[in-house]
């Protein structure tokens with residue numbers, strides 16, 4: 001029987017980040033538009049009114065001040081509110097596989113081969 005071990009690890013962190021202030025601004029624009037578009041349904045109690053948010057609420061609920069993201073512009077666009085990641089063919093690595101490859105290259109550059117504790 002062969003012994004299998006993880007002999008090294010790497011970490012990939014996206015280059016772009018979003019602060020709570022940026023997130024609040026974008027979300028509040030989205031909520032305002034949503035409430036305007038859906039006013040009749042909200043008034044008829046068919047759907048809920050979206051409350052605005054604030055930086056303090058996000059920090060208190062999550063402890064997060066900023067998050068690293070892929071495709072900041074898509075996430076902060078009130079008309080999109082999610083990353084825009086191009087569709088890949090079956091012959092291309094997925095976005096998560098691509099991140100793993102980048103993490104392994106970072107580990108290799110740092111000459112991380114094996115840690116013993």
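Laboratory data are not the source of any read-out in this text; all were calculated from the coordinates shown. Remember, predicted model here, so these are calculated numbers, not experimental data. Note that we place each Cβ from the backbone using ideal geometry, even for glycine, and neighbour counts take in every protein chain shown.
Quick notes on this structure:
- Estimated purely from DSSP H runs of n ≥ 4, each contributing -39500 (n - 2.57), the mean residue ellipticity at 222 nm for the chain is -13000 deg cm²/dmol once divided by its residues.
- R0 of 35 Å, Cβ-Cβ distance residue 15-residue 42: FRET efficiency to nearest 0.05: 0.35
- In nm, spacing of pseudo-spin labels at residue 86 and residue 2 (7 Å Cα→C-beta vector): 3.5 nm
- Region 52-93: C-alpha pair distances exceeding 15 Å, %: 62 percent
- Cα-based shape type of region 1-44, given that a ≥ b ≥ c are square roots of the gyration tensor eigenvalues and the cut on a/c is 1.5: oblate
- Cα-based equivalent ellipsoid of the chain: semi-axis lengths in Å, sorted from largest, via gyration tensor: 40, 18, 14
- Global size of region 48-117 as Cα Rg and Dmax, reported in angstrom: 18.2, 55
- Distance from region 77-100 to region 1-42 (C-alpha centre basis), Å: 13 Å
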